[in-house]
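Some notes on the structure that comes next.
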């Protein structure tokens, strides 16, 4: 089981969240400042999921505070689960709302607010998040534009990119 963390503080936080009931699969990466809310036991994350920095998982509706103060729904709360499938990339600064299920092989774009379920093999983005394209369309759009530097050292990648973009 391998999970990559930016620092030991995140590793300790995730350990505490798992003790509180967060379910997380194998080979996941969790960025800095990810907030799993006040009910981490309502969150399930599959295998091979990357949650980028500054994301938030919201498992309750805090807006009921206003209704409680108006004496309309005194003592009421609303909770729901969040489920993330396998092989999902969640971009930075994403908010995922209560009751959302994100399928397998999905990409959630930077800054999105996910308010509805995301089907398998889908790329979503926006506020609220909407389908941009299928994962197959995303692949077709990217396959001729990518560079294969994932296993390069930082120096090798820097040298390659400087050469490529500063000719």
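Would you give the gap between the C-alpha center of region 48-64 and the C-alpha center of region 89-167, rounded to a whole Å?
Using only Cα atoms to place each centre, the spacing works out to 17 Å.
Measure nothing fancy, just the Cα-based angle from helix 154-165's long axis to the longest principal axis of the chain, in degrees from 0 to 90, nearest 10.
Result, in degrees: 70.
Only counting other Cβ atoms within 10 Å, I'd like 22, 64 sorted with the fewest neighbours first.
If I rank by nearby Cβ atoms, fewest first, I get 64, 22.
Pick out which of 47, 105, 75 has the largest mean-square fluctuation in a Gaussian network model of the chain, springs linking Cα atoms closer than 10 Å.
Looking only at 47, 105, 75, the biggest GNM fluctuation is shown by 75.
Comparing 141, 18, 155, which has the greatest mean-square fluctuation in the GNM of the chain with Cα pairs linked when under 10 Å apart?
Answer for the Gaussian network model of the chain: 155.
The list (i) 142; (ii) 108; (iii) 122 gives values of volume of the Cα convex hull per residue in Å³, and only one came from this structure; which label was calculated from it?
For volume of the Cα convex hull per residue in Å³, the calculated option is (i).
What area, in nm² and to one decimal, does the C-alpha convex hull of region 59-140 cast on average over all directions?
So the Cα hull casts an average projection of 5.7 nm².
Which order do 15, 41 fall in if you start with the one that has the fewest other Cβ atoms within 10 Å?
Details: 15 11, 41 15.
Result, fewest neighbours first: 15, 41.
Relative contact order for the chain using alpha-carbon pairs under 8 Å, separation at least 6, rounded to a whole percent?
Over the chain, the number comes to 13 percent.
None of the figures in this text is laboratory data; all of them are computed from the coordinates on show. Treat the numbers as computed from the prediction; the structure is a model and nothing was measured. Methodologically, a virtual Cβ is constructed for each residue, glycine included, from the backbone with ideal geometry; neighbour enumeration extends over all protein chains shown.
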